[in-house]
1. Checking A:Val54 against (1) buried (at least 16 other Cβ atoms within 10 Å of the Cβ); (2) hydrophobic (A, V, I, L, M, F, W, C); (3) within 21 Å of B:Ser60 (Cα to Cα), which single condition isn't satisfied?
2. Tell me which residues, restricted to the range C:46-70, are β-branched (Val, Ile, Thr) and either away from chain B (no Cβ under 11 Å) or under 16 Å from C:Phe11 (Cα atoms) (or both).
3. Going residue by residue through the range C:14-24, is there one that turns out to be under 10 Å from the mean Cα position of the chain (by Cα) and closer than 20 Å to B:Thr13 by Cβ?
4. Taking the condition of being in a strand (DSSP E or B) and either in contact with a helix residue (DSSP H, G or I) (Cβ under 7 Å, 6 or more places away or on another chain) or more than 11 Å from chain B (Cβ to nearest Cβ) (or both), how many residues in the range A:1-23 meet it?
5. Would you mind finding the one in B:Val41, B:Val73 that is out of contact with any helix residue (DSSP H, G or I) (no Cβ under 6 Å at 6 or more places or on another chain), at the interface with another protein chain (Cβ under 7 Å from one of its Cβ atoms) and open to solvent by less than 40 Å² (accessible area, probe 1.4 Å)?
6. Hey, among the residues in the range C:10-23 that are of a type in the set (Gly, Ala, Ser) and open to solvent by less than 50 Å² (accessible area, probe 1.4 Å), which one's nearest to E:Glu83 (Cα to Cα)?
7. Starting from the range A:52-69, take each residue that is at pLDDT below 95 and list its partners that are surrounded by fewer than 24 Cβ atoms within 10 Å (Cβ to Cβ) and basic (Lys, Arg), counting only C-beta distances under 6 angstrom and pairs at least six apart or across chains.
8. Tell me which of these A:Met68 doesn't satisfy, since it passes every other one: (1) open to solvent by less than 20 Å² (accessible area, probe 1.4 Å); (2) of a type in the set (A, V, I, L, M); (3) closer than 25 Å to B:Glu52 by Cβ.
Amino acid sequence: MIIGKVTGSIFSTRKSEKLVGNKFMIVHPEESMSSGRGDLVAIDIIGAGIGEKVLVALGSAARIGCDMPEAPVDAAIVGIIDEGQEV
Amino acid sequence: MIIGKVTGSIFSTRKSEKLVGNKFMIVHPEESMSSGRGDLVAIDIIGAGIGEKVLVALGSAARIGCDMPEAPVDAAIVGIIDEGQEV
Amino acid sequence: MIIGKVTGSIFSTRKSEKLVGNKFMIVHPEESMSSGRGDLVAIDIIGAGIGEKVLVALGSAARIGCDMPEAPVDAAIVGIIDEGQEV
Amino acid sequence: MIIGKVTGSIFSTRKSEKLVGNKFMIVHPEESMSSGRGDLVAIDIIGAGIGEKVLVALGSAARIGCDMPEAPVDAAIVGIIDEGQEV
Amino acid sequence: MIIGKVTGSIFSTRKSEKLVGNKFMIVHPEESMSSGRGDLVAIDIIGAGIGEKVLVALGSAARIGCDMPEAPVDAAIVGIIDEGQEV
């Protein structure tokens, strides 16, 4: 998993039916975790707010670990990092 | 998922039978999402047009999430980003 | 998927039994698709020749999409790009 | 797999239920293994301490190989490298 | 798959039970295949020696293709490249 900061969200009206009802958050990886990796779009099963540091699962872990095994999802916010921690 | 812009499409006459009937779009990732990543070829289940910004699912999410679990597909356009949004 | 050019093939006499009978082609990704990615070795289910531009599926899509679900294969040539197209 | 050094851990109180009970360790990949890759967060099934060199499995191998097939986990510490070895 | 050279091996006494009995080889990817990729640790089902050029399968292909579907393995040596070939 990687840690990143939620920087915004995006809306998509025309999308796969399987994505209906999900929020799409833009996550900016922490500097120490960002080598060769830009921002990404993750669904959010936790209710993260903009500016919060979050734990993001990538790949099949996002889809299967968030009980959406049949959805076209490859990244998910699965935790909010407790405040006051150095990352 | 990543966001990118559809820049074109490609044709392949000799291809896996499982790919017949699909459109192959070339997607150029948004600058903020492009670190270490070039253009990619994605199937399109939404009907995106050239120039549109799209949401792309990668890996097994593309194949399984687009109801093509047995097809050699690793990237799919699964949403069109609503206009007027900063990404 | 990515597009690349077949630049050669390699032989491996001592290999996993599950790979017997496959051709291993070396694919050089197109410049626009090559960021952070070098050449790769893909099996070929289409019959591509050296110098041809091909569509390559990566990850589990290669294995499952080419009807080799139990083989140690993570990349496969699944289409030949029609000539005369800009990529 | 890659080898890295455990540099710390992070806490997440609000997280996926499926992650409850896991430790989240921050792993800094060895220099020789770090090209294009920053730190990552891995669960720890071995009991690694800070400063130890560990073997990390990535992707579905982490989830399935650690008997958490339904959890949103994409990286796991699966071994501790014996001391005194050059990596 | 990628081609690399076996440069050494590592030992891990404290490790996942599912990894017991495996050899962990360090593989240095060929220059042409190394963009954005450092060395990696792969299990070896072929019996490669140090200095040999090998074919490495990555991701779920390693685990499933080597008959270890439940093991935390994401890279495996699945062939030895015949001598005298340019890669």
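The values are calculated or read from the model by the stated rules, or taken from the named source; none is laboratory data. Being a predicted model, the structure only gives us computed values, none of them experimental. In this analysis, Cβ positions are derived from the backbone assuming ideal geometry, glycine residues included, and neighbour counts consider all displayed protein chains. For the accessible areas, the whole protein counts, side chains as well, though only heavy atoms, and no ligand, DNA or RNA atoms are used. Shrake-Rupley method; radii C 1.70, N 1.55, O 1.52, S 1.80 Å.
1. (3)
2. Selection gives C:Ile50 alone.
3. No.
4. 5
5. Sole residue among the options that is out of contact with any helix residue (DSSP H, G or I) (no Cβ under 6 Å at 6 or more places or on another chain), at the interface with another protein chain (Cβ under 7 Å from one of its Cβ atoms) and open to solvent by less than 40 Å² (accessible area, probe 1.4 Å): B:Val41.
6. Result: C:Ser12.
7. Listed by first residue and then by second, the contacts come to nothing, as the list is empty.
8. Among (1) open to solvent by less than 20 Å² (accessible area, probe 1.4 Å); (2) of a type in the set (A, V, I, L, M); (3) closer than 25 Å to B:Glu52 by Cβ, A:Met68 violates only (1).
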